[in-house]
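Engineer: Structure provided below as structure tokens; questions to follow.
The values are calculated or read from the model by the stated rules, or taken from the named source; none is laboratory data. What you see is a predicted model; the values in this text were computed from it and never measured. Every residue, glycine as well, gets a Cβ built from its backbone with ideal geometry; the counts of neighbours run over all protein chains shown.
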Amino acid sequence: MIKAIRGTRDLLPPETALWNFVESAVRDVFRVYNFHEIRTPIFEDTQLFARSVGEETDIVSKEMYTWEDGVRAADYAVYKKWMKMKMPDARVFDLIDPEIAQPQSPAPSARMKIDGKQNVILFRYRFTFQDFLLLKLMEEQSRDETGGKFQLRLVTTEAVPENFKIVLEEREVIIETVTVENRPQSLTLRPENTAGVVRAYIEHQLWERGLNKLYYIGPQFRRERPQKGRYRQFYQIGAEIIGPATAGSESPARDAELLELLATLLDRLCITDWALQLNSIGCPNDRAKYNEALREALAPVVGQMDADCQRRAVTNPLRVFDCKVPEDQPIIEKLPRISQFLDEPCRKHFEQVQEILKSVGVEFQLNDRLVRGLDYYTRTAFEFTHGALGAQNAILGGGRYDGLSESLGGPSAPGIGFAIGEDRLVMALKESAETVQRKPDVYIAPLGPGMNREAARLARELRRDDVITELGDESFRLKKSLETASKIGARFALIVGENEVKSGAFALKNLGSGEQVSVPHAELVQKIKSSR
Ligand code: HAM
């Protein structure tokens, strides 16, 4: 028997009702704080995570799902380069999906015939006065393990309709055979979503809108040891505020706004037993000095520590604070703290965050051991823990990442964000799935041959009027129908037999009280809804 992979799980009804309840409450909160949804792909270039989350972190060094991709996305870089060489002034204004451009692709809109030969359209280019298409001749391509030879052809067209269903009056400009190297791409299932959001910010030049307040809800993947509250596919609800400093993205007001949003959100879900742990892990300058001090303090004692902590002490001393080994704790307790190393602007920023939090009544605990497990953080870092969750008690985490955009090749774009572990959030809810899942209002019991048709008609009417309706089958005896209706928790059973259809009034049985009344067709919706 094939089972779900270890560390993944099926979310089944009625529990899914709880997930929907959480997500809809969260969307409501995001809406009033003026956040908008972003959906990025669940896999990205491996380099994105290596450069943002950091090579030395647990996530990148041992928890990512990474593979070499067979689709040669790299081909496109070669085609583009060729085009740039031939026509330096051309501007790409459309890239055809690499999948569509595969020879076996069924998508006819990306193909065209020239001289009776099939061509695949790779790019559309625009000059000031004319459009061009870059084509690949399908019949003449050859490919082996190391690469392939393709004939590329550039054609011009007067007007290319948007949907690529083209009748071309073309003129070939250049035909040339090029060699494309086979360079498979390393791809990774996203272990978190901040990197993807910042990538999208850069790719789509989102700074042109000023301050961006974006949120996401979706699966993330980490190859961790599964246990309660820790999965290999888990879900995050996250938000990021990112933009140029001139749009206010660097202000401590943003940090406080985000933390206040989180307190509101947890309140809204009636989750009370949480604690906000707050720290500032400094600006890059402070961090360099701090790392130096940590290395110095660790040097005489590192030999006594657990092997994993020793490795951290060398590669990324800040990570030592994440060591969980009990015997190492006395050593860690004595290490210098980042709070002693914050420079003046950084300290001020952190103080202002705290002042605003106090003024809006969000309680927090300063925790200068809190360092977070991702490398992109600067200044404010935080986690919310929850009492009822056991060992995996971090319900959410986040912080500032002021240099992340630059490190991914983008412009300066200070940012701050968080991600809630949705699996853990659902575990912390007091609400039960039964209370949030709505039960069917009515079960329609067709009685006898030909009644499925009548029942279907009635069901359609009721459902259009927002009555939750379940349909039986004309082959069921009345007893079986009533039993089924009770089993699924329907409030009413509606009996549809020949007599009822003829008279235009239906027997409606209240399954709680057992009372049965005859209700005229026109009054059914009102009668069923009135007793909700
Ligand atoms: P993170 O602390 O790695 O931060 O993850 C955030 C939350 O995701 C954790 O507090 C936890 O609730 C949940 N989580 C993490 N791993 C697992 C797992 N294996 N199973 C279940 N839940 C898990 C980030 O991911 C950052 N991107 C947050 C952020 C956004 N920082 C700035 N913007």
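Engineer: If only one of SER405, SER412 is in contact (Cβ under 8 Å) with a residue 12 or more places away in the chain, surrounded by fewer than 16 Cβ atoms within 10 Å (Cβ to Cβ) and of a type in the set (Ser, Thr, Tyr), which one is it?
Structural biologist: SER412
Engineer: Looking only at the range 1-38, count how many residues are modelled with pLDDT of 95 or more and over 20 Å from ALA428 (Cβ atoms).
Structural biologist: Number satisfying all stated conditions: 16.
Engineer: Restricted to the range 16-66, and to residues that are basic (Lys, Arg) and either buried (at least 18 other Cβ atoms within 10 Å of the Cβ) or within 14 Å of the ligand (Cβ to nearest atom) (or both), which residue is farthest from ARG199 (Cα to Cα)?
Structural biologist: LYS62
Engineer: Just the residues that are closer than 19 Å to ASP273 by Cβ and within 11 Å of the ligand (Cβ to nearest atom), please, taken from the range 371-401.
Structural biologist: First, pick out the residues of the range 371-401 that are closer than 19 Å to ASP273 by Cβ: 382-397.
Listed by number, the residues that qualify are PHE382, GLU383, PHE384, THR385, HIS386, LEU389, GLN392, ASN393, ALA394, ILE395, LEU396, GLY397.
Engineer: Same structure, new question: Exactly one condition in (1) in contact (Cβ under 8 Å) with a residue 12 or more places away in the chain; (2) within 29 Å of GLY421 (Cα to Cα); (3) more than 16 Å from the ligand (Cβ to nearest atom) is false for LYS358; which is it?
Structural biologist: Going through (1) in contact (Cβ under 8 Å) with a residue 12 or more places away in the chain; (2) within 29 Å of GLY421 (Cα to Cα); (3) more than 16 Å from the ligand (Cβ to nearest atom) one by one, LYS358 breaks only (1).
Engineer: Can you tell me which of ALA253, ALA245, ALA275 is surrounded by fewer than 18 Cβ atoms within 10 Å (Cβ to Cβ), in contact with a Ser or Thr (Cβ under 6 Å, 6 or more places away or on another chain) and touching a residue at least 60 places away in the same chain (Cβ under 8 Å)?
Structural biologist: On the way: ALA253 fails: in contact with a Ser or Thr (Cβ under 6 Å, 6 or more places away or on another chain); ALA245 fails: in contact with a Ser or Thr (Cβ under 6 Å, 6 or more places away or on another chain).
It is ALA275.
Engineer: Might you let me know whether the range 261-272 holds any residue that is within 20 Å of TYR401 (Cβ to Cβ) and modelled with pLDDT of 90 or more?
Structural biologist: Yes, the range 261-272 has at least one match.
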